[in-house]
1. Taking the Cα centre of the range 69-228 as the origin and placing charges on Cβ (Lys, Arg +1; Asp, Glu -1), which of THR75, TYR101, ALA117 is farthest toward the positive end of the dipole?
2. Calculate, in nm to one decimal, what VAL57 and ARG133 gain on full extension: separation in residues at 0.36 nm each, minus their alpha carbon distance.
3. Tally Lys/Arg at +1 and Asp/Glu at -1 over every other residue whose Cβ is under 9 Å from the Cβ of VAL165; what's the total?
4. Which far-off residues, 5 or more places away or on another chain, put their amide H under 5 Å from the one on VAL31, with H placed in the peptide plane?
5. Classify the range 1-49 from the C-alpha gyration tensor, please: rounded if a/c falls under 1.5, else prolate or oblate depending on whether a/b exceeds b/c.
Amino acid sequence: MSTEPLVLAVDDEAGVLRLIKLELSTQGFRVVTAGGGEEALRMAEEQRPDIALLDIVMPDMTGLEVMRKLRERTTLPIILLTAKGGDADKVRGLELGADDYLAKPFSPEELSARVRAVLRRTIGSSSTENVVRVGNIEIDLNRRLVKRDGEIVTLTRTEWLLLQVLASNPGKIMLNPELLSKVWGPEYRDDLQYLRVWVSRLRRKLEVEPSKPQLIKTFQGIGYMLDIPGAAREAPPAPVPDEEDVEAMP
């Protein structure tokens, strides 16, 4: 059986699918394609791809709807493809669960780089035999399990990877470029929008009052820290609310 990553590409434009298949096949990926949402869901069930590329605008079902349905049954990494530009669309896609976002027209080289980056951060992440507890939150780094008040908290793969880095370094300020590089890859080290969106998502799931975070502290312009009582701490500047984090939250 072939071990190359399998990519599911979904787009209602045959030309786009041909471009994707040609480029990714050349780069060593296996590629299956679907021309619409219903076909994509069926193929995801049958083929078990390693990653999906979803066009947002399709006639039978939007890429966001396909993503929602996929998220109900799998943690499959997803990159959204869309002709729409602007930060608002980018943030919306990320907040709805996408692992990355690529605006059309895109270069074949950028496409393959994004696919590799998402796959790289979703496999091979080191875990330690350790359980971190703070307040009503329990983070099992070995089992990759998070509980709040004893109930399992469902996290996306990217949410878990971000929390894993923070929980593996309790009481330590993780610099923004360091977090971006560890979770998304070195090519994302300056993309603070990604970090703000995903920190906001984690806070909504873990904090009692996400707008007044006690667990994941912001150090404006510097980075973030998982605040664990009793953990050895650096001598940081006083944490302050990150206005952009708050604005990213509904």
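1. Ranked along the dipole, the leading option is THR75.
2. My answer for the length gained is 23.1 nm.
3. Working: positive: LYS182; negative: GLU178.
Overall, the nearby charge balance is 0.
4. VAL7
5. Values: a/c = 3.73, a/b = 1.11, b/c = 3.35.
Verdict is oblate for the range 1-49.
Throughout, read-outs are computed from the coordinates displayed, never taken from laboratory work. All figures in this text were calculated on a predicted structure; none of them were measured in a lab. Every residue, glycine as well, gets a Cβ built from its backbone with ideal geometry; the counts of neighbours run over all protein chains shown.
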